[in-house]
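The values are calculated or read from the model by the stated rules, or taken from the named source; none is laboratory data. The structure presented is a predicted model; accordingly, all values stated were derived computationally and were not measured. Every residue, glycine among them, receives a Cβ derived from its backbone with ideal geometry; neighbour counts consider all protein chains shown.
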Amino acid sequence: MSYLVKNYNRKKLSFKKGKGSYLYSSNGIKYLDFIQGIAVNSLGHSHPKLIKTINSQAKKLWHVSNAFIIPEGEQLASKLAKKTFADYVLFQNSGAEATEAAIKVARRYFYSIGKKDKNRIICVKNSFHGRTIATIYASGSKKMTEGFGPKVQGFDHFEYGDHKKLKKLITKKTAAIMLETIMGEGGIKVIPDWCLKELRKICNKKGILLILDEVQCGIGRTGDFFAFEKSKVKPDIVPIAKGIGGGFPIGAVLMNKKVASGMTPGSHGSTFGGNPLAMKIGITVLDIISNKNFLLNVKTNSKYFHEQLKKIKEEFPKIIKEVRGKGFLIGLQLFHDQTKFIKKLMDNKLLTIRAAENVVRILPPLNVKKKEINQALKIIQKVCSKYK
Ligand SMILES: *Cc1c(COP(=O)(O)O)cnc(C)c1O
């Protein structure tokens, strides 16, 4: 008997420890973990530097209220600002909180300049921005909102790629366009660079804000620190979470000076957000990812992974429809439902997870070794060759 609420469809598998790219099940089986807590353990399991950080900070200070200055948070914010487009950072504890705060920041900005009716946010239908009451309505998914009461107003939706509809949706009341730079749960759909540039132009022209949700695709996942980086587009607001804590819950909203001006004392807050323990961990993760060769390795190794997966796709054109994604945010789109395929990979000791549109999502740790990629390729090849 489990006393946990049954809101998850859990696999009958549990783990007792993890090391790097591997997980060890309670009954002693070693799995190659290419889920990594859904892009959360960016440095794999039990990274020695993270263990050291947690241990040493745990002896000093875990939590103090945001009523006081928190030097560790100042330091992480400064590092993030120096590294990115951002002028200011607001710390939260999760992705949903970060996207929800991003919505608040956008609305509050227009309110603060006397445009309180400019509060609508345009989003992509069936995207994923989290599970709070506001963010499920931002996501525009029937499944996620079913049974949760009155619709939260203020969100307009267009289908991925339907630019005509997007342009039609923009009115005087539009405050922002918010989208995932790469749709994660939605099936690893990349917003192309030219499209990001167009979006920025439209936003500039209409005086609206651009929010890019990098909760899943950010923090080095694509080989660039942010997935939008190559496009040279500067968003106004960027929520992050998953990868920045390396397994410890951290969320944050990065923003420019203009929009930050609306967030005056008392306008928003979080009890846990930005505590010294979380901040120290964030600093360690960020320092490792910022190491000169780190993202270069992500680029090289993920390029190899994509190339090899495409070869497997060529070999099995009736099973794999498309290899999607960027860097280590990879989707194998199948022609049929992916459940059985994922199960077969698991039987062969490779853990992957589903996304929409029959996609098998592959999320290795960013520091995965080439021989581990080869091991995964071998398993995928084997499962394809025996697949009926
Ligand atoms: C996971 C995710 C979220 C929500 O994050 P939680 O930490 O689960 O609340 C929001 N946006 C995107 C793009 C995500 O992938």
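Here are a few things to note about the model shown:
- The single condition from (1) more than 16 Å from the ligand (Cβ to nearest atom); (2) free of Cβ contacts under 8 Å to residues at least 60 places away in the same chain that Thr53 fails is (2).
- Of all residues in the stretch 36-50, those satisfying the criterion of being touching a residue at least 60 places away in the same chain (Cβ under 8 Å) and either in the same structural domain as Gly269 (by TED's automatic domain parsing) or away from the ligand (no atom under 16 Å from the Cβ) (or both) are Leu43, Gly44, His45, His47, Lys49, Leu50.
- All positions within the stretch 61-118 that are within 16 Å of the ligand (Cβ to nearest atom), buried (at least 21 other Cβ atoms within 10 Å of the Cβ) and of a type outside the set (S, T, N, Q): Leu90, Phe91, Gly95, Ala96, Glu97, Ala98, Glu100, Ala101, Ala102, Ile103, Val105, Ala106
- Qualifying residue in the stretch 349-359 (condition: farther than 17 Å from Ile182 by Cα, of a type in the set (Ser, Thr, Tyr) and under 23 Å from the mean Cα position of the chain (by Cα)): yes
- Asn27 being assigned to a helix (DSSP H, G or I), closer than 30 Å to Lys371 by Cβ, more than 16 Å from the ligand (Cβ to nearest atom) and not assigned by TED's automatic domain parsing to the domain that holds Asn367: no
- Filter result for the condition that a residue is more than 25 Å from Glu229 (Cα to Cα), at pLDDT 95 or above and either surrounded by 12 or more Cβ atoms within 10 Å (Cβ to Cβ) or away from the ligand (no atom under 16 Å from the Cβ) (or both), over Gly184, Gly147: Gly147
- Qualifying residue in the stretch 171-185 (condition: of a type in the set (D, E, K, R), over 20 Å from the mean Cα position of the chain (by Cα) and in the same structural domain as Lys115 (by TED's automatic domain parsing)): yes
- Assessment of the stretch 227-239 against the conditions (crowded, with 21+ Cβ neighbours inside 10 Å, of a type outside the set (A, V, I, L, M), assigned by TED's automatic domain parsing to the domain that holds Phe110 and under 12 Å from Ile289 (Cβ atoms)) yields no matching residue.
- Of the numbered criteria (1) modelled with pLDDT of 95 or more; (2) more than 15 Å from the ligand (Cβ to nearest atom), the one Gly161 fails is (1).
- Restricting the stretch 203-231 to residues that are closer than 17 Å to Arg120 by Cα and among the β-branched types (Val, Ile, Thr), the residue that is nearest to the ligand (Cβ to nearest atom): Ile211
- Residue count for the stretch 328-349 under the criterion of being in contact with a helix residue (DSSP H, G or I) (Cβ under 8 Å, 6 or more places away or on another chain) and under 14 Å from Ile35 (Cα atoms): the result is 6.
- Within the stretch 41-76, tally of residues that are polar (S, T, N, Q), outside any loop (DSSP other than H, G, I, E, B) and over 23 Å from the mean Cα position of the chain (by Cα): 4
- The residues of the stretch 203-224 that are over 12 Å from the mean Cα position of the chain (by Cα) and either free of Cβ contacts under 8 Å to residues at least 24 places away in the same chain or farther than 21 Å from Val105 by Cα (or both), listed by number, are Asn204, Lys205, Gly207, Gly223, Asp224.
- Within the stretch 18-56, the residues that satisfy the criterion of being hydroxyl-bearing (Ser, Thr, Tyr) and more than 20 Å from Ala241 (Cα to Cα) are Ser21, Tyr22, Tyr24, Ser25, Ser26, Tyr31, Ser56.
- Lys30 in contact (Cβ under 8 Å) with a residue 24 or more places away in the chain and surrounded by fewer than 17 Cβ atoms within 10 Å (Cβ to Cβ): yes
- Filter result for Val323 (buried (at least 16 other Cβ atoms within 10 Å of the Cβ), in contact (Cβ under 8 Å) with a residue 40 or more places away in the chain and either among the aliphatic types (A, V, I, L, M) or not assigned by TED's automatic domain parsing to the domain that holds Ala58 (or both)): no
- Within the stretch 232-318, helices (runs of 4 or more DSSP H) holding 3 or more residues that are aromatic (Phe, Trp, Tyr) and either away from the ligand (no atom under 16 Å from the Cβ) or closer than 16 Å to Glu74 by Cα (or both): 294-315
- Meets criteria (among the hydroxyl-bearing types (Ser, Thr, Tyr), surrounded by 13 or more Cβ atoms within 10 Å (Cβ to Cβ) and within 23 Å of His129 (Cα to Cα)) for Ser270: yes
- Among (1) in contact with a helix residue (DSSP H, G or I) (Cβ under 8 Å, 6 or more places away or on another chain); (2) within 21 Å of Met183 (Cα to Cα), the one test that Lys370 misses: (2)
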